[in-house]
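The block underneath contains the structure these notes are about, expressed in structure tokens.
The values are calculated or read from the model by the stated rules, or taken from the named source; none is laboratory data. Predicted, not measured: the structure shown is a model, and the values here were computed from it. Note: ideal-geometry Cβ built from the backbone for every residue, glycine included; neighbour counts use all protein chains shown.
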Amino acid sequence: MAAQSIASRPRRPQQAEPDDAILARVLQFTEWARRNVVIVVGVVVALAVLIGGLLWWRADRAQRLENAAIEFLQVEQAVLSGDEGIATQQLQVFIQEHSGTPYADEARVLLAQVHLRGDRAAQAIEVLTPLAAQMDDSPVGVQAALLLASAQQAAEDDEAAIQTYLNVADESEVVFRQQEALVGAALLRQESSDWAGAAELYRRLVETTEEGSTQRAVFEMRLAEAEAQAQAS
């Protein structure tokens, strides 16, 4: 009876071996590739061109950066020499030849400083504006924006300077740069007797400064003064 029961049980279908399934797929792909050899060759060639182009681009960029670094040292020496004419000319040429590199951005900052030393605020603004507009994309973007605000202030365009300072305060991730920008904007608002606006900025400064520090005490004092002036006016 037991033997009959065992014999009557349905047999489970045998599962295909994993190696057999992989082999079947390989054979299917081989057959597909044989029928579509033109497509396969095209894909291989396209990948080879893409990889080769990427490797060339990386090597070319590395070489450009190395050349820019070497030439930038020479340009810095021209700036330190004190001859503004030569320094300005070399910086302008350097910026054109190495556009798109971090060294070109640094050269823009140097050129703007040379212009400001020569009381050429308008030229400094022209040089810095493109860099300050993309301050997150350059290691010296925030520095350029702060210098732009100084140039705008030198050009007696206080409203533009305040807006530039506020852009830095809102976009910079470095606390001391935020505070530097807020202080600059607050002082300009004070000079224009916008005490309520100055108080708003000093309040932000207090909030971003360590409690109990001397710096916070200074900002709290300035905040109290601005609030008092705002109420009196």
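A few comments on the model shown:
- Reported count of residues in segment 204-215, each being of a type outside the set (A, V, I, L, M) and surrounded by 17 or more Cβ atoms within 10 Å (Cβ to Cβ), is 2.
- The conditions of being closer than 24 Å to T208 by Cβ, aliphatic (A, V, I, L, M), under 22 Å from the mean Cα position of the chain (by Cα) and in a helix (DSSP H, G or I) are not met by L131.
- Which listed residue is part of a helix (DSSP H, G or I), of a type in the set (G, A, S) and modelled with pLDDT under 90, from A145, A68: A68
- Selection from segment 202-233 of residues that are assigned to a helix (DSSP H, G or I), within 20 Å of Q178 (Cβ to Cβ) and either out of contact with any helix residue (DSSP H, G or I) (no Cβ under 7 Å at 6 or more places or on another chain) or touching a residue at least 24 places away in the same chain (Cβ under 8 Å) (or both): Y202, R204, L205, E207, T214, Q215, A217, V218, M221, R222, L223, A226
- Restricting attention to segment 9-42, the residues that are part of a loop (DSSP other than H, G, I, E, B) and at pLDDT 75 or above total 1.
- Check on V168, under 30 Å from P102 (Cα atoms), of a type in the set (V, I, T) and surrounded by fewer than 18 Cβ atoms within 10 Å (Cβ to Cβ): no
- Note on segment 104-130: among residues that are crowded, with 22+ Cβ neighbours inside 10 Å and touching a Phe, Trp or Tyr at 6+ places or on another chain (Cβ under 8 Å), the one that is nearest to A145 (Cα to Cα) is E106.
- Residue pairs whose Cβ atoms lie under 9 Å apart, sitting 6 or more positions apart in sequence or on different chains, and linking a residue in segment 183-197 that is surrounded by 18 or more Cβ atoms within 10 Å (Cβ to Cβ) to a partner that is part of a loop (DSSP other than H, G, I, E, B), are L188/D194; W195/S233.
- Among the candidates A104, A151, the residue that is more than 18 Å from A68 (Cβ to Cβ), part of a helix (DSSP H, G or I) and either within 18 Å of the chain's Cα centre (by Cα) or of a type in the set (A, V, I, L, M, F, W, C) (or both) is uniquely A151.
- Summed over segment 76-97, residues that are assigned to a helix (DSSP H, G or I) and either within 21 Å of E66 (Cα to Cα) or of a type in the set (G, A, S) (or both) total 14.
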